[in-house]
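In what follows, a single structure is set out as structure tokens and then discussed.
The values are calculated or read from the model by the stated rules, or taken from the named source; none is laboratory data. Every value quoted in this text rests on a predicted model; they were computed, and no experiment measured them. FYI the Cβ positions are ideal-geometry reconstructions off the backbone, even for glycines, and counts take in every protein chain you see. What goes into the accessible areas is simple: the full protein's heavy atoms, side chains included, and nothing from ligands, DNA or RNA. Shrake-Rupley method; radii C 1.70, N 1.55, O 1.52, S 1.80 Å.
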Amino acid sequence: MRRRLLALTVVSLLLFGTAACGDDSGKPGASSSASVDMGDAIPGLKVSGAVGAEPKVTLDKPVSVDKPVTHVISAGHGNPVQAGQEALLHIYLANGNTGKKAAATYDQGFPIDVKMDESALFKPVIDGLVGKPQGSRVAIAAPVKDIYGPQGNAQLKLKASDSVVFVVDVMSVPPKKVLDGPQGDKANVPSNIPGVQEKSGNVTGLDFSKAPKKPGNKLQVIPLVQGHGPAARAQSLVTFDYFGEVYGADKPFDESFSKSPVTFALGMNKLIQGWDKGLVGVKAGSRVMIIVPPDQGYGPQAQANIPANSTLVFVVDILGVDG
């Protein structure tokens, strides 16, 4: 169910490997939390706007720092960012001397999925974000030379003598609570869908004997167990178990039940369209069957063990939802 995400210029500029609203005037945002170290305001920097929307960044004076500094503009209430784990981040990058925008993930319409590791992201940004809860907006100012080295970054028009400002919205982190399996109420299941074969609660196969010989051409999301946890959101990290089989086949092309659950970014064009559309709004604890027509799967492109123009059937357990 993964699909390749085209490389975006903004990502290469923001990531190290390719080298609520608030105002940063000393007053924390309305949603700030007493348990979060807010840090001192960054002199000269003002940031306004709602978390998740492109911020308005202005300067009263050039930002002058001799080392990286962090200020939490607005503290969220979700699980914290953890070192070594992935997070979904919106990043706005500005020249600290002029206040001019240099790059932003908001331009591409969705956050970036990045691991909190120095091979993937600048160390001062990681240090500023680790421990900050999901839903936070964080400002990080640093000398350009501490981020891009003594050469600066000509593409971003950042000289080594400049400062740089990151405004980062922590959109999602991996779910903290992950269930062992579906938990909820059994749904009234139609009799003409593929049967689910199980062993000790784990899906082991699909039985197409009572299903139509030819699948329909519309996406179908069929509840098997209706959970009562939080609903999966677009542009968030969700933990799943899944079993996938080509419609009418006799063995899976991929599954996680015999291995370990997996965490994917939902609603960010990193999964097939059938998942991105079909799983948003499904509650933690649920088990659903998704019947995905070719135009919302892999279409005319054959994949390993998946012929071109295949209809796909998935059984998916929603085990953890961020938030």
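For this structure, a couple of remarks:
- Taking the stretch 295-311 as the range and being farther than 28 Å from M171 by Cβ and outside any loop (DSSP other than H, G, I, E, B) as the test, the residues that pass are D295, Q303, I306.
- Annotation note: Cβ proximity below 7 Å between a residue of the stretch 180-194 that is surrounded by 14 or more Cβ atoms within 10 Å (Cβ to Cβ) and a residue that is of a type in the set (S, T, N, Q) and in a loop (DSSP other than H, G, I, E, B) (sequence gap 6+ or interchain) occurs for P182/S286; G184/S286.
- Selection count where residues are crowded, with 23+ Cβ neighbours inside 10 Å, out of contact with any Ser or Thr (no Cβ under 7 Å at 6 or more places or on another chain) and under 29 Å from G320 (Cβ atoms), scope the stretch 56-86: 2
- Just so you know, in the stretch 156-179 the residues that are over 20 Å from K132 (Cα atoms) and within 23 Å of the chain's Cα centre (by Cα) include one that is surrounded by the fewest Cβ atoms within 10 Å (Cβ to Cβ), and it is V178.
- A count restricted to the stretch 128-155 and to residues that are more than 25 Å from the chain's Cα centre (by Cα) and not in a strand (DSSP E or B) stands at 10.
- In this structure, G285 does not qualify as under 21 Å from G216 (Cβ atoms) and open to solvent by less than 50 Å² (accessible area, probe 1.4 Å).
- Failed item in (1) crowded, with 17+ Cβ neighbours inside 10 Å; (2) over 18 Å from the mean Cα position of the chain (by Cα); (3) more than 17 Å from D207 (Cβ to Cβ), with K259 passing the rest: (1)
- Residues (in a loop (DSSP other than H, G, I, E, B) and under 30 Å from M171 (Cα atoms)) located in the stretch 200-247: L219, H228, G229, P230, A232, R233, A234, Q235
- Residues in the stretch 136-152 that are crowded, with 18+ Cβ neighbours inside 10 Å and at pLDDT below 95: I147, Y148, G152.
- Residue-level check: of (1) over 16 Å from P55 (Cα atoms); (2) surrounded by fewer than 18 Cβ atoms within 10 Å (Cβ to Cβ); (3) at pLDDT below 95, I112 misses just (2).
- Filtering the stretch 214-232 to residues that are surrounded by fewer than 12 Cβ atoms within 10 Å (Cβ to Cβ) and modelled with pLDDT of 95 or more leaves K218, H228.
- Hits in the stretch 57-92 - residues which are touching a Pro at 6+ places or on another chain (Cβ under 9 Å), polar (S, T, N, Q) and in a strand (DSSP E or B): T70, S74
- For K270: the one exception among (1) among the basic types (K, R); (2) more than 19 Å from the chain's Cα centre (by Cα); (3) at pLDDT below 95: (2)
- Filtered residues of the stretch 93-115 (kept if in a loop (DSSP other than H, G, I, E, B), in contact with a strand residue (DSSP E or B) (Cβ under 7 Å, 6 or more places away or on another chain) and over 30 Å from P174 (Cβ atoms)): G96, N97, G99, K100
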